[in-house]
Amino acid sequence: MLTRWLPQSCCRHGLKVVIFVNERPDMDHEHRVLPSLVVEGFPSKRIANIVAMLFVSVLVVIAVAFAAHKYWYLQQVNPSGEADASEIFLITETDDLSTVSKKLKQDGFIVNDSVFRSYASSEGGLEILPGYYTLRPRDHMGNILRVLRTPPNETLSKVTFPEGFTLAQIAERLNQGVPSIDAEDFLAKTGDLKTTSSAVRSVYQPESVTSLEGLLFPDTYLFSGDKTATQVAQEMLKLMERVGRQEGLDDSMNLVGRSPYEVLIVASIIEREAKVAQDRPKIARVIYNRLALGMPLEIDATLFYKQNSELSFPTLKAIDTPFNTYMHTGLPPTPISNPGRESIAAALSPAPNPSAGNALCREIQDGSPCIYLYYVLSDKDGNHKFAATFSQHQANVQAAIIAGVL
């Protein structure tokens, strides 16, 4: 075999290129070995090391990024800390995976709705079935998915409780929708009877209060036939606590200077008094103004609570009960109904008092503060007229009488 060196040079970089040709004398043209190339003077080993280090660095960055994303994903699937106590989650007939995941996120059961959808798809999907499900907030998504895949075993009955219903009205409506639940038993379990205390308690319920009046959230529910009165009360109570948290009820002392339970009392009055949405915050302001001045609330709705609805207004006004806000100052001892979200929001965010340029204020010449203190029904649509002085209120009452709404 012959080896030939064919030196070539590149003057620009001072490099010397040597081509090695290995061939046998008897080798024909087809079987000649390709020449090999050696660059003398070029730092090829250093370049190779740099390339290798860059390649390894890229791999490390990719691995770290993947690990970080994996850790983040696992945190979404399984949030840190213990899962909270079980709560009720409702899936309606119109829900799909997208709306269910968003409701789970909004209600605090999961921390990321898009990750839940991805997780559910990777685990075989989720068939959406309407009904009530018992879930633990911030539980592992696998556990939540397992529960949601278990269809309600019993036939569900839809029962609607309007805003402003009392416990007595809820008990009657419940018995109509779920005959297996006795109305008297429900009243006993919710502490509405004088001889009983509620079987379950709300976080907003003071120690001295035995009734769940005002602590059950009015809404449309689906109840199975084997539900007990206590279980129904627990579901409604938990939903009220959830709505309360969402509306800021836990921060009521900072918002309006009243405890959460007192705010629910105010909200229950608003619920029974207001007929249109825009009046709710103003009625709340009237209540807080009167409380601040030590004035009796003089609210008609309180007179009817737990009284014979056929009694005349003058008769009701003359009955001395803790709920008679014509005779007694301060708030009633308990809510007079179960308020909805809008009334709770109004009780936590009352309307401002009229500005100095308001027509109501221009009439005040004695230096008294211009604040809302009175209201009366003004038309058949349920709107109210508000006043800052008693003379203004009397004029509004006369106008209401003429209009035939009083």
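Counting beta carbons within 10 Å around each of L193, L297 and listing the fewest first gives the order L193, L297.
Under conditions of 10 °C and 1.306 mPa s, the range 142-195 yields 120 µm² s⁻¹ as its translational diffusion coefficient, taking Rh as the Kirkwood radius over Cα pairs in the Stokes-Einstein equation. Cut-off 10 angstrom, C-alpha nodes, Gaussian network model of the chain. Which of A48, A292, A345 fluctuates the most? The residue with the greatest mean-square fluctuation here is A48.
Over the residues of the chain, the helix contribution to mean residue ellipticity at 222 nm works out to -12500 deg cm²/dmol, using -39500 (n - 2.57) for each DSSP H run of at least 4. Across the range 156-246, the relative contact order, built from alpha-carbon pairs under 8 Å that are at least six residues apart, equals 34 percent. Measuring how big the range 319-371 is from its alpha-carbon positions, Rg and Dmax come out at 16.3, 41 Å.
Highest-first packing order for the peptide set 392-399, 79-86 is 392-399, 79-86, based on the mean count of other beta carbon atoms within 10 Å. Hey, any idea what the orientation-averaged projected area of the convex hull of the range 269-403's Cα atoms comes to, in nm²? Quarter of the Cα hull surface area: 8.8 nm².
Ranking Q106, I47, G225 by how far each Cα lies toward the positive end of the dipole of the chain (charges on Cβ) leaves I47 at the top.
In terms of surrounding Cβ atoms within a 10 Å radius of their Cβ, I319, I181 rank from fewest to most as I319, I181. Our compactness index for the range 156-246, the C-alpha radius of gyration over the empirical 2.2 N^0.38 Å, is 0.99. Beyond 18 Å in Cα-Cα separation lie the following of the pairs K189/K238; K103/K158; K103/K275; K189/K227: K103/K158; K103/K275. When only the Cβ of Lys, Arg, Asp and Glu is charged (+1, +1, -1, -1), the dipole of the chain relative to its Cα centre reaches about 1640 debye. Take 51-60, 126-135, 265-274 and order them by the average number of nearby Cβ atoms within 10 Å per residue, most first; the result is 265-274, 126-135, 51-60. Calculation over all alpha carbon pairs of the range 205-335 in 5 angstrom steps from 0 returns a P(r) of 2, 9, 17, 20, 20, 15, 10, 5, 2, 0, 0 percent.
Normalise the Debye intensity by I(0) for the range 115-168, one equal point scatterer per Cα, no solvent, then take log10 at q = 0.27, 0.30 Å⁻¹ and round to two decimals. Per q value, in the given order, log10 I(q)/I(0) is -1.11, -1.25.
Sorting S157, S355 by the number of Cβ atoms found within 10 Å of their own Cβ, with the fewest placed first, yields S355, S157.
Note on the chain: Cα-only Rg and Dmax are 37.5, 133 Å. Averaging over all projection directions, the Cα-based convex hull of the range 87-148 occupies 3.5 nm² in the image plane. Relative contact order of the chain: 11 percent, from C-alpha pairs under 8 Å at least 6 residues apart in sequence.
Using a Gaussian network model of the chain with C-alpha springs under 10 Å, which one of Q246, Q234, Q307 is most mobile by mean-square fluctuation? Result for the chain, Cα springs under 10 Å: Q307 fluctuates most.
Working note: Cα gyration tensor of the range 266-343, eigenvalues times five, square-rooted, sorted largest first, giving semi-axes of 20, 15, 10 Å. Summary of packing: across the peptides 374-383, 224-233, 332-341, the per-residue average of other C-beta atoms within 10 Å ranks them, highest first, as 332-341, 224-233, 374-383.
Each value in this text was obtained by applying a stated rule to the coordinates, not by laboratory testing. All values reported here derive from a predicted model rather than from experimental measurement. Counting neighbours? That spans all protein chains shown, and the Cβs are built from the backbone with ideal geometry, glycine included.
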